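Participant: Sharing a structure, written as structure tokens. Questions coming.
The values are calculated or read from the model by the stated rules, or taken from the named source; none is laboratory data. As the structure is a prediction and not an experimental result, all values here were calculated from the model. Here the Cβ is made from the backbone with ideal geometry for all residues, glycine too, and neighbour counts use every protein chain on show. For the accessible areas, the whole protein counts, side chains as well, though only heavy atoms, and no ligand, DNA or RNA atoms are used. Shrake-Rupley method; radii C 1.70, N 1.55, O 1.52, S 1.80 Å.
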Amino acid sequence: MSAEQQNYEDQGIPLTPFASNVPYVKLSDGRKINSVAYPTSVAFDRSGRLWVADNGPDQNFKIFNVPASGAPTLATTFGETGGVFAGPIKGRTGEKRFWGVRGVGFGDNGDIFVGTSGIPGQVQGGTDIRAFDSTGKALWDLKGIFMHAPDIDPSSNGTQIHTAAQRFEMDYSKAPGKSWKQAAVTLDPFRFPGDPRLFHAYGITYMRVVNGKKFMFVSEMNGYDLAVYRFEPNSEIANSGRVFRNWWQPAGRAWTQARRLSGIRG
Amino acid sequence: MVAAAGSYGGDAVSNFIVDIAVLQSSQTGKSEWSPLVVTKSYWDETNWGDGGYAAGKRVTKGQFFYEAHTDTGWPGIAFDKSTYNGITATIAHPWRLP
């Protein structure tokens, strides 16, 4: 596997450029499971069913019966199909609307633990651990995000805060540390695989409202470029209109020409 | 549901996990930490090694990730694979560079 593909898999980015080397599930007796789009983790539960984390468009866990011989068969799934990107409001978070599934494990008491990291994990995502009882009832969760300089949606009276790929809701009546919650993910890597936020460490966000419409501007800490996003109607997802490079960069002339740049990956 | 910021303190979460393992009290020796979720991180913002979480709190960091615990016969955490009834499942690729 190339270093580039390894980086994609570490970040949880869709493996579109590596279609000939998509991972699969391998059993030690030679059997394979090739039906999971983007397997990132495996775990047998207490009854011997094999859970496979699917970081592809389904964003859920596939649960297989593994007989003594013959092909494993899909028994059921865990998590809403499509994860946080599913409808009716794409990007809206929920207890079983996962984002960047990376691991699963089980307690002796039957509890289910899910680990997700967002897409891409390092900057736009973070860590998300969710616990469920054996019936699937949510017990607790923990979240962590990368360092960001977020901005407040100016139309929200300070209650809506955006990082480059997430929206948080504030409830100032609650104690510090308990007053925020992750409300939405604004980056959909499956419908918009060329989104610059997948390949650039945008950690600075500026929210503006122009003629009643919300726009988001994001930049890296070194200010090399500025990407501008608009939001889909009836959705939390933002998509890119333009990426500008600052004038001192090789592609800086585009800054003044308002052109969308090619080759923005990297 | 409990939400917590990824900062220093009892609720801090190691940044950017790539897998988790779940340990039982027979493996940790601490019934109050059972089940214990241990994270494997690609990169950890806090530079304290990977975290261990129980009942919605971080209770340890790095301890079980790095220790093999061969004294008890438990070989330590095996991330990225799982075994049941003698069958081990892993994630594989059609080809790899030599």
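Participant: Lys pairs in the stretch A:1-146, Cα-Cα under 25 Å, at least 8 apart or on separate chains: how many?
Facilitator: For the stretch A:1-146, qualifying lysine pairs total 10.
Participant: Here's something else I'd like to know. Provide the solvent-accessible area of residue A:134, counting protein heavy atoms only and rolling a 1.4 Å probe, rounded to the nearest 10 Å².
Facilitator: Result for residue A:134: roughly 80 Å² accessible.
Participant: Per-residue HN-Hα couplings for the stretch A:197-209, Karplus 6.51 cos²θ - 1.76 cosθ + 1.60 at θ = phi - 60°, whole Hz, x for Gly and Pro?
Facilitator: Result, rounded to whole Hz: 5, 6, 10, 10, 8, 6, x, 10, 10, 10, 9, 9, 10.
Participant: Still on this structure: Ignoring ligands and nucleic acids, what accessible area does residue A:4 show with a 1.4 Å probe (Å², nearest 10)?
Facilitator: 90
Participant: Name the residue from A:93, A:43, A:81 whose Cα lies farthest towards the positive end of the charge dipole of the stretch A:1-150, charges +1 on Cβ of Lys and Arg and -1 on Cβ of Asp and Glu.
Facilitator: Positive-most Cα among the choices belongs to A:81.
Participant: Would you give the gap between the C-alpha center of the stretch A:168-215 and the C-alpha center of the stretch A:33-79, rounded to a whole Å?
Facilitator: 31
Participant: Can you say what percent of the DSSP beta bridges in chain A, counting only those with both residues inside, are antiparallel? Round to 5.
Facilitator: 100
Participant: Once you place label points 7 Å from the Cα toward the Cβ at residue B:24 and residue A:46, how far apart are they in nm?
Facilitator: 0.8
Participant: Can you compute 3J(HN,Hα) from phi for each residue in the stretch A:120-130, using the Karplus curve 6.51 cos²θ - 1.76 cosθ + 1.60 with θ = phi - 60°, rounded to whole Hz and x for Gly and Pro?
Facilitator: So the J values, rounded to whole Hz, are x, x, 5, 9, 7, x, x, 10, 9, 10, 10.
Participant: Can you sort A:162, A:148 by solvent-accessible area, 1.4 Å probe, largest first?
Facilitator: If we order A:162, A:148 from most to least accessible, we get A:148, A:162.
Participant: Under 5 Å between amide H atoms, partner at least 5 residues away or on a different chain: which partners does residue A:184 have, H built in plane at 1.01 Å?
Facilitator: A:93, A:167
Participant: Rounded if a/c is under 1.5, else prolate if a/b beats b/c, else oblate: with a ≥ b ≥ c from the C-alpha gyration tensor eigenvalues square-rooted, which is the stretch A:10-161?
Facilitator: It comes out prolate by the Cα gyration axes.
Participant: Another one. Round to the nearest 0.05 the FRET efficiency obtained for residue A:74 and residue B:83 when R0 = 25 Å and r is the Cβ-Cβ distance.
Facilitator: Approximately 0.75, to the nearest 0.05.
Participant: Starting from the Cα gyration tensor of the stretch A:1-98, take the square roots of the eigenvalues, sort them a ≥ b ≥ c, and report rounded, prolate or oblate (rounded when a/c is under 1.5, otherwise prolate if a/b is larger than b/c, else oblate).
Facilitator: oblate
Participant: Determine Rg/Rh for chain A; Rg is computed over alpha-carbon atoms and Rh is the Kirkwood hydrodynamic estimate from the same atoms.
Facilitator: Ratio of gyration radius to Kirkwood radius for chain A: 1.01.
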